[in-house]
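Written out below as structure tokens is the structure these notes cover.
The values are calculated or read from the model by the stated rules, or taken from the named source; none is laboratory data. Nothing here was measured: the structure is a model prediction, and the numbers come from that model. Here the Cβ positions follow ideal geometry from the backbone for every residue, glycine too, while neighbour counts run over all protein chains shown. For the accessible areas, the whole protein counts, side chains as well, though only heavy atoms, and no ligand, DNA or RNA atoms are used. Shrake-Rupley method; radii C 1.70, N 1.55, O 1.52, S 1.80 Å.
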Amino acid sequence: MNLFARTVLALAVLTVPCEAQDMFKKYGKAAGWDIFVHEKMGPGCLIARQNAKDGAQVEIGIDATADLRGYLALYSKKPEKITAGEKLSVVFDVDGEQFTGVATGQEIPGFDGASVPFNNLDFIYGLAKKKKLTITAKGRDPIVVDLTGTDAAFKALRECQAAQK
């Protein structure tokens, strides 16, 4: 099990001991991405992996608690000093095309991170044919996400999500 999976499961154990085993379930693997079912998200499915260069944890998923929406979460071992609930303006550069959003800080033991929701699933699924995603927040180092394998991973994500209905 990769570091991200261990971190997610450790968080689940520390946060909700009685429900930890039921919160995240491994669904499979595709093109270097792990696929999980997140029971607290509707259930929703997510793809996850660790960036080889900087150790950043990347999670792209579906929140199915109401109307389907996507989210992108990044976690770093570097002390980014992001507090839970903190709002960060971010710029997403996808192969040269830029988008803006607002990330919300999250607490995960051993990692600083934030999550950005997207009400347009096409943005998330549109990453499948792209090569590189760079996320930059003011005053912080950019995080570069290699999107290799996302096409196959998103196909598995869609299958996972369809299986949850």
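List of remarks:
- Heavy-atom accessible area with a 1.4 Å probe sorts E39, E107, E97, E80, largest first, into E107, E97, E39, E80.
- One chain, two ends: K26 and D93. Fully extended at 0.36 nm per residue, the span grows by 21.2 nm beyond their Cα-Cα distance.
- Placing +1 on the Cβ of every Lys and Arg and -1 on the Cβ of every Asp and Glu, with nothing else charged, gives the chain a dipole about its Cα centre of roughly 300 debye.
- Surface listing: K87, K130 arranged by accessible area from highest to lowest gives K87, K130, probe 1.4 Å.
- With a simple spin-label model that places each label point 7 Å from the Cα along the Cα-to-Cβ direction, the separation between D122 and K78 comes to 3.4 nm.
- D by Stokes-Einstein for region 119-165, Kirkwood Rh over Cα pairs, 20 °C, 1.002 mPa s: 176 µm²/s.
- For region 96-145, the pair-distance distribution built from all alpha carbon pairs, in bins 10 Å wide starting at 0, is 19, 53, 27, 1 percent.
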